[in-house]
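> Can you read through this structure? Questions will come right after.
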Ligand SMILES: C[S@@+](CC[C@H](N)C(=O)[O-])C[C@H]1O[C@@H](n2cnc3c(N)ncnc32)[C@H](O)[C@@H]1O
């Protein structure tokens, strides 16, 4: 039985790593991927030349190239992006991000055989210098430089990873997952391709708390917001009268909401929100 891996943040779902032994856990993971439309297991690579420090949480099943293209299209990957594929397998996602979209890529895998495959792929695809392949555990990797994160793991691994995504990724970072959702963090959109589902999210800014809103040409009032993932709601209190804040839409750090009968559109930067221009400029401060 492998030692339990200490996670930097408490998992929202209890980890069930290899409770029934590593081999059975791998077989279970493989059938879950296959049930979700994964490639046939016969497509896997030859016998291992080296063993990982601990068994992977999920076996290698490559994402079909058509699905890779969709994942990179839905996230609108471009030359300014840094794409992290967590559990990179043969490196196809980060190599394609670099080769077709001009992005930089970081592929992470725990299995030395996959690392060797990925590095070979990088070397033979002409993207050396733009793609880095790192051996390690995706649950402890520093994700902060990522602007796009790609996943093909398992539902429970996505949910286990979710707090770390919130802890480390900047608002506006795009996350895309082949086949598996993120539990109660609803996707911003889903796409079907080749019988697979691709889930897409944008990391939302944190807008929860008490804000003092100064509207254009108006008197400041208080707005309380509560937030779950990209959804938020709350109340605006003007002259002691509370009314619901409506139509909140949060995409990364861009926010639109209707408070006190006025629709405000702007950006969230830390403890400040602001928008509009000239006579219609508004701002809000948290705290
Ligand atoms: C289903 S494959 C996906 C490969 C690739 N991302 C793709 O979509 O084609 C999952 C990969 O995750 C790797 N993996 C499993 N657990 C891991 C962990 N804790 N840290 C890093 N990689 C892991 C496996 O070795 C495997 O290559």
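> Within the bounds of the range 67-76, is there any residue that is more than 19 Å from the chain's Cα centre (by Cα) and within 14 Å of the ligand (Cβ to nearest atom)?
No, every residue in the range 67-76 fails to be more than 19 Å from the chain's Cα centre (by Cα) and within 14 Å of the ligand (Cβ to nearest atom).
> Of everything in the range 93-109, what is out of contact with any helix residue (DSSP H, G or I) (no Cβ under 8 Å at 6 or more places or on another chain) and either surrounded by fewer than 22 Cβ atoms within 10 Å (Cβ to Cβ) or more than 15 Å from residue 140 (Cα to Cα) (or both)? Give them in sequence order.
The answer is 98, 99, 102.
> Go through 242, 216 for me and flag whichever is modelled with pLDDT under 95 and either part of a strand (DSSP E or B) or touching a helix residue (DSSP H, G or I) at 6+ places or on another chain (Cβ under 6 Å) (or both).
216
> What number of residues in the range 90-143 are assigned to a helix (DSSP H, G or I), under 23 Å from residue 73 (Cβ atoms) and within 12 Å of the ligand (Cβ to nearest atom)?
Final tally of qualifying residues: 8.
> Any idea which of 280, 274 is surrounded by 15 or more Cβ atoms within 10 Å (Cβ to Cβ), out of contact with any helix residue (DSSP H, G or I) (no Cβ under 8 Å at 6 or more places or on another chain) and not assigned by TED's automatic domain parsing to the domain that holds residue 159?
After applying the criteria, what remains is 274.
> Which fully enclosed strands (runs of 3 or more DSSP E) of the range 144-204 have 1 or more residues being assigned by TED's automatic domain parsing to the domain that holds residue 83 and within 13 Å of the ligand (Cβ to nearest atom)?
By residue number, 148-151, 174-178, 196-202.
> From the set of residues in the range 56-66 that are touching a residue at least 60 places away in the same chain (Cβ under 8 Å) and touching a strand residue (DSSP E or B) at 6+ places or on another chain (Cβ under 9 Å), which is nearest to the ligand (Cβ to nearest atom)?
Restricting to residues being touching a residue at least 60 places away in the same chain (Cβ under 8 Å) and touching a strand residue (DSSP E or B) at 6+ places or on another chain (Cβ under 9 Å), the top hit is 63.
The values are calculated or read from the model by the stated rules, or taken from the named source; none is laboratory data. Small disclaimer: the values here were computed from a predicted structure and weren't measured. Every residue, glycine as well, gets a Cβ built from its backbone with ideal geometry; the counts of neighbours run over all protein chains shown.
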